[in-house]
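Asks: Okay, handing you the structure first.
What follows draws every value from the coordinates through simple rules; no lab data is involved. None of the values given here were measured: they were computed from a predicted structure.
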Amino acid sequence: MVGLFTNLLELEALARQAMPKEAFEYYAGGAEDEVSLRRNREAFDRWALRPRVLVDVSQRDLTTTILGQPVSMPILVAPMSFHGLAHPDAELATARATAEAGTILVVSTIGTRSLEEIAAVGPAPRWFQLYVTKDRAFTERLVRRAERSGYLAMCVTVDTPVLGRRERDERNAFALPKDLAMRNFEEIGQEALASSAPGGSALAAAADKLLDPSLTWKDIDWLRSLSKLPIVLKGVMTGEDASLAADHKVAGIIVSNHGGRQLDGTLGTLDVLPEIVDAVGGRVEILLDGGIRRGTDVVKALALGARAVLVGRPVLYGLAVGGREGALAVLHQLRTELDVSMALIGRPRIPEIDRTVVQAVPG
C-alpha cells in the first residue's frame, strides 16, 4: 500500500475504480440532495488553526482513553454496514486492521459477518452498534450476544426511526449480492437483502420491516437495564438531546448526522459540536463523526470539545483497494497527519489541544 495514495481524498477515486458502481454509490451516497453530506466537509473549512511556535515538540504522544479504554490515538472506526461489498474478508479484515492500529472498532448490527465472528478475530477493544428493532426480544438477544462476546460498549443509533431517502440506492435498485447477507439477523430469518424492484432499494424495504419508529428515551433506560455495558448514543445533533442523553446516564454521545445519509439539510457535525459540548457540561464523553479526511480535521474536532473522532467511508475505501492492509493504511495516514499537525501547532500531547488552537474564519 505504500505510495498508493498520499491522502484520503485520492483514495476515494481509487475505490470508485475498484468497486462495482452500485456498491461504491451505496458507500459514498447521502440522503436526497446530499446537502448534509457536503456540509460535514465544509464545516472544517470554517475553522482555522492557531499555531504556537518555539515549543518543544520533539516527543509527541497521541495516546488517550475513551470511556477509560486506552487507545493509540483519538481516532476510532465508525460502525458501517456491509464491508463485504468492498472485500471478501469483509468486517474480519477491518477488525484486524483496527486491532493492529491499536484503536476501537464499532461493529455494525448489519454487518456481513456476525458479531461473534468479528469478536473471534482476537482480543481488541470493540463496541457493538445497535439498531433497536420492532422485535424487542431479538434486540435483547443482540445485546446479550454482544456482552457475552466481549464487546466493551453498546453504541445505540438513535437517528434512524425510519431510513432516510437515499436516491442513489433507489436509482441503482440496491441489493446485496447472493453471497452476502446480514449475518446477525439469521436467527429471525431476515438476513437476505434480495433484489428489489427497479426504482427501489432492498435496504429501504428491509429497514421498513425492522426499524422501530416508536423508540423513545424510555427505551434507552430499558437498554441500560439489560446489561452492564456502557451506552453511547450515536446520532445526536442538538444541545437539547445532548442534555437529555446526560440525564439518562449514557456514557457517551457521538455527534453524527449518519454521514449525511438520514435527514438532509442539517448542519455539519463540527458546526453543532460546540452547542453539544456546552449543553453536556462535561457529564458525558463526546465524540464526533462525519467528514473526517485529514489529521487537521481531528485537531479541530478535539479543540472544539470532542474526545475523539470516528472515521467511516475512508476505511471502506481502503478495504476495497487493499483489504486489511488498505484499511490499516487509512488509519496510519490519519495518525501520521495528526502527529505532524500536533507538532506544527505546538501541542505535543492530546490533552493540550484546547479551544485556543482554533478560531472561526472571518466572514
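Asks: Rounded to two decimals, what ratio of Rg to Rh does segment 8-360 give with C-alpha atoms and a Kirkwood Rh? Intermediate results must be reported in sequence, preceding the final value.
Replies: Values: Rg = 19.2 Å, Rh = 20.3 Å.
My calculation of the ratio gives 0.94.
Asks: To the nearest 10 degrees, how steep is helix 217-226 against the longest Cα principal axis of the chain, on a 0 to 90 scale?
Replies: On a 0 to 90 degree scale, this one is about 80.
Asks: Mind putting together the pair-distance distribution for segment 14-80? All Cα pairs, 10 Å bins, whole percent per bin, short to long.
Replies: Calculated P(r), rounded to whole percents: 13, 23, 33, 23, 7, 0.
Asks: May I pose another question? With the contact rule set at Cα under 8 Å and sequence spacing of 6 or more, what percent relative contact order holds for the chain? Please report the intermediate quantities before stating the final value.
Replies: On the way: 759 pairs, mean separation 99.1, N = 363.
Across the chain, relative contact order equals 27 percent.
Asks: Follow-up. Could you work out how far helix 35-45 tilts from the main Cα principal axis of the chain, as a 0 to 90 degree angle to the nearest 10?
Replies: Around 20 degrees separate the two axes.
Asks: Let me ask another. Restricting the calculation to Cα positions, tell me the Rg (one decimal) and the Dmax (whole number) of segment 267-363 in Å.
Replies: 14.4, 43
Asks: For segment 242-299, compute the orientation-averaged projected area of the C-alpha convex hull (one quarter of its surface), in nm². Can you show the working numbers first?
Replies: Numbers: hull surface 17.4 nm².
The directionally averaged projection comes out at 4.3 nm².
Asks: Angle check, please: helix 269-280 long axis (alpha carbons) against the longest principal axis of the chain (alpha carbons), in degrees 0 to 90, nearest 10.
Replies: Rounded to the nearest ten degrees, it is 80.
Asks: Considering only DSSP beta bridges with both partners in the chain, what is the antiparallel share in %, to the nearest 5?
Replies: On the way: 7 of 33 bridges.
Of those bridges, close to 20 percent are antiparallel.
Asks: Moving on to the next point. For segment 170-263, state what percent of all Cα-Cα pairs lands in each successive 5 Å bin, counting from 0 Å until the bin that includes the largest distance.
Replies: With 5 Å bins starting at 0, P(r) equals 2, 11, 15, 17, 17, 15, 12, 8, 2, 0.
Asks: Quick one: Debye curve from the C-alpha atoms of segment 105-260, no solvent, what's log10 I(q)/I(0) at q = 0.10, 0.13, 0.21 Å⁻¹?
Replies: Summing over Cα pairs of segment 105-260 leads to -0.37, -0.63, -1.46.
Asks: Calculate, axis by axis, the spread of Cα positions in segment 1-156 along the three principal axes, and write the results as whole Å, longest axis first.
Replies: Ordered largest first, segment 1-156 gives principal extents of 58, 39, 31 Å.
Asks: If we restrict to alpha carbons, what Rg and Dmax does segment 129-211 come to, in Å?
Replies: Rg then Dmax for segment 129-211, in Å: 14.0, 41.
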